[in-house]
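What follows is one structure encoded as structure tokens, with my remarks underneath.
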Amino acid sequence: MTSPDTAALIFRIIVGLTLVAHGYNHVFGPGGIQGTAGWFASMGLRPGIVHAWTSGLVEIAAGFGLAFGFLNPFSAGAIMGTMVVAGITAHRKNGFFIFKPGQGYEYVLMIAVLCAGIAILGPGKASLDHAIGIDDDLDGWVGAIIALVLGIGGSAGLLATAWRPNKPAPTTPSA
């Protein structure tokens, strides 16, 4: 294995398993799927229960896909998409830094960009894609395009069709 293969393996495993844990928490965490659904609905994702299940299951499946290097740019793109949606719906208004009240978009930005890099780099030799012989077909510009179309395009489609943020209460002019 080359150093890029090793880097791809490390990035895939860490990001992939982090997303598996994140998705698991959405479904089975303290508030369960109902708590996640309520949280998503409060941010304007309608219907909240559909988005809670979809987000949780996509994060689990794409996280495992990325960790194992299976359909690498598709797994990376799915994770990018969830991070873009999270960044826009939950974190954007809170600024950059994650430690700010409400948590900024720093964390989701880093995961999304890392997934773009993983899609471009390819899964490496220690991957299912390499084992089945499709790794060279799905890296570089092809991997980047797949991940970007799935991640950015998918999140744009989801936001356009299902995100209805609550409008702020109107302010009354003072006399």
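So, for the chain, what is the accessible surface per residue at a probe of 1.4 Å, expressed in square angstrom?
Roughly 53 Å² per residue, with all protein chains present.
Project the alpha carbons of the chain onto their principal axes and report the range along each, largest first, in whole Å.
Over the chain, Cα extents along the principal axes are 71, 32, 30 Å.
Of Ala61, Ala112, Ala162, which has the largest mean-square fluctuation in a 10 Å C-alpha GNM of the chain?
Highest fluctuation of the listed residues: Ala162.
Note down the relative contact order for the range 38-175 as a percent, whole number, built from C-alpha pairs under 8 angstrom at least six residues apart.
30
Of the residues Asn94, Asn72, Asn25, which exhibits the maximal mean-square fluctuation in a Gaussian network model of the chain defined by a 10 Å Cα contact cut-off?
Largest GNM mean-square fluctuation: Asn94.
Taking R0 as 30 Å, what FRET efficiency do you get between Asp137 and Phe64 from their Cβ-Cβ distance, rounded to the nearest 0.05?
0.90
Tally up the carbon and sulfur contribution to the accessible surface of the chain as a whole percent, 1.4 Å probe, everything protein left in place.
Reported share for carbon and sulfur atoms: 73 percent.
Obtain the radius of gyration and the Kirkwood radius of the range 33-127 from its C-alpha atoms and give Rg over Rh.
1.02
The values are calculated or read from the model by the stated rules, or taken from the named source; none is laboratory data. The structure presented is a predicted model; accordingly, all values stated were derived computationally and were not measured. Virtual Cβ from ideal backbone geometry, glycine too; neighbours counted across all protein chains shown. Accessible surface is based on the protein model in full, side chains and every heavy atom, while ligands, DNA and RNA are left aside. Shrake-Rupley method; radii C 1.70, N 1.55, O 1.52, S 1.80 Å.
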